[in-house]
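I have placed the structure first, in the form of structure tokens, so that the comments after it can refer back to it.
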Amino acid sequence: MPKVTYTETAGNCRTVDANVGDSVMESAVRNGVPGIVAECGGSLSCATCHVYVEEADLASLPPMGEMEDEMLWGTAEDRRPNSRLSCQLKVADGMDLRVTTPATQV
Ligand code: FES
């Protein structure tokens with residue numbers, strides 16, 4: 001089963017089994033993982049599902065779309081080269097993704 005590991009800025013870490021086709025945001029919300037607010041429910045209009053993807057895992061993800069790129073300039077915590085919006089990251093078969101949640105989303 002695909003896995004996603006969420007690490008908080010404070011260092012707490014949680015790995016969840018994720019369903020193929022769900023988003024990384026949905027997997028967090030469903031499992032009560034803190035640090036992802038997802039105010040808009042995944043409609044790409046809030047940027048409160050911001051995560052920092054582990055550098056080594058970046059290449060395994062599809063490139064971001066233009067809208068995600070735009071939205072990432074409006075995150076509460078500064079954008080970094082490994083920033084993504086977790087509602088735009090679909091869980092794929094065999095995925096073992098590691099992300100860090102920012103200290104704040106709002
Ligand atoms: Fe709102 Fe991702 S949940 S942009």
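The values are calculated or read from the model by the stated rules, or taken from the named source; none is laboratory data. Quick caveat, the model's predicted, so the values are computed rather than measured. Note: ideal-geometry Cβ built from the backbone for every residue, glycine included; neighbour counts use all protein chains shown. For the accessible areas, the whole protein counts, side chains as well, though only heavy atoms, and no ligand, DNA or RNA atoms are used. Shrake-Rupley method; radii C 1.70, N 1.55, O 1.52, S 1.80 Å.
Of note:
- Of all residues in segment 11-25 being in contact (Cβ under 8 Å) with a residue 24 or more places away in the chain and assigned to a loop (DSSP other than H, G, I, E, B), the one that is least open to solvent (accessible area, probe 1.4 Å): Ala18
- Residue within segment 52-59 that is within 15 Å of the ligand (Cβ to nearest atom) and surrounded by 12 or more Cβ atoms within 10 Å (Cβ to Cβ) present: yes
- Selection count, segment 70-103, where residues are of a type in the set (Gly, Ala, Ser) and away from the ligand (no atom under 14 Å from the Cβ): 3
- Leading residue by the ranking (farthest from the ligand (Cβ to nearest atom)) among those in segment 26-36 that are open to solvent by less than 70 Å² (accessible area, probe 1.4 Å) and hydrophobic (A, V, I, L, M, F, W, C): Val33
- Subset of segment 72-106 (residues that are within 19 Å of Val4 (Cβ to Cβ), polar (S, T, N, Q) and surrounded by fewer than 17 Cβ atoms within 10 Å (Cβ to Cβ)): Asn82
- Of the residues making up segment 29-82, those that are among the basic types (Lys, Arg) and either at pLDDT below 95 or in contact with a Leu (Cβ under 6 Å, 6 or more places away or on another chain) (or both) number 1.
- Scanning segment 2-12 for residues that are within 14 Å of the chain's Cα centre (by Cα) and either at pLDDT below 95 or of a type outside the set (Val, Ile, Thr) (or both) turns up Lys3, Tyr6, Glu8, Thr9.
- Considering the conditions (1) more than 19 Å from Asn12 (Cα to Cα); (2) crowded, with 19+ Cβ neighbours inside 10 Å, Ser43 is excluded by exactly one of them, (2).
- The residues of segment 1-58 that are of a type in the set (Gly, Ala, Ser) and over 23 Å from Trp73 (Cβ atoms), listed by number, are Ala10, Gly11, Ala18, Gly21, Ser27, Gly32, Ala56.
- The one condition in (1) more than 16 Å from the ligand (Cβ to nearest atom); (2) on the phi < 0 side of the Ramachandran plot; (3) open to solvent by 20 Å² or more (accessible area, probe 1.4 Å); (4) not aliphatic (A, V, I, L, M) that Pro2 fails to fulfil: (3)
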